[in-house]
1. May I ask you to compute the full-extension gain from Arg12 to Ser62, defined as 0.36 nm times their residue separation minus their alpha-carbon distance, rounded to one decimal in nm?
2. Give me the distance in nm between label points sitting 7 Å out from Cα along the Cα-to-Cβ direction at His113 and Ser33, one decimal.
3. Tell me the label-point distance for the pair Asp51, Leu5, using the 7 Å Cα-to-Cβ offset, in nm and rounded to one decimal.
Amino acid sequence: MSPLLKEYLNKRIVLITTNGESFVGTLEGFDKSTNLIVSNLTLRFQSNRSDIISSVQLLRGSEIVACGLYDPNESDIELEKQRSVKDLPIHDTKNKIMNEHIIWKKVYENKLHSMTKRRKTMQR
């Protein structure tokens with residue numbers, strides 16, 4: 001994705017994070033891991049767009065789901081002001097597995113069992 005971000009430098013972009021948050025800001029820089037430096041960061045769906053969350057923010061590439069140019073027309077801006085975050089249910093994209101530690105314990109035990117089985121057959 002990094003080479004494509006060259007086109008977005010010093011332009012307004014919209015970002016969606018793994019937490020389901022949507023931001024608008026100006027792309028100031030990026031690296032090969034798609035870590036982004038964004039200035040004048042605001043929440044996309046809020047009534048007062050002039051409330052800047054951060055003047056400069058570093059966003060980790062692993063926390064970004066989507067990134068694109070933000071070029072709304074007048075009606076889009078009015079529609080976004082009318083909506084709130086509660087109106088647009090965006091769920092997070094993090095993989096949450098109940099009792100994940102138990103699953104990995106079983107995977108480890110199976111791997112350990114197969115390794116000891118192989119050693120026994122090699123010793124024969």
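1. Gain on extension, Arg12 to Ser62, equals 15.9 nm.
2. 3.8
3. Distance between label points: 2.8 nm.
Laboratory data are not the source of any read-out in this text; all were calculated from the coordinates shown. Bear in mind the structure is a predicted one, so any value in this text is a computation, not a measurement. When we count neighbours, we look across all protein chains shown, and the Cβ atoms used for this are built from the backbone with ideal geometry, even at glycine.
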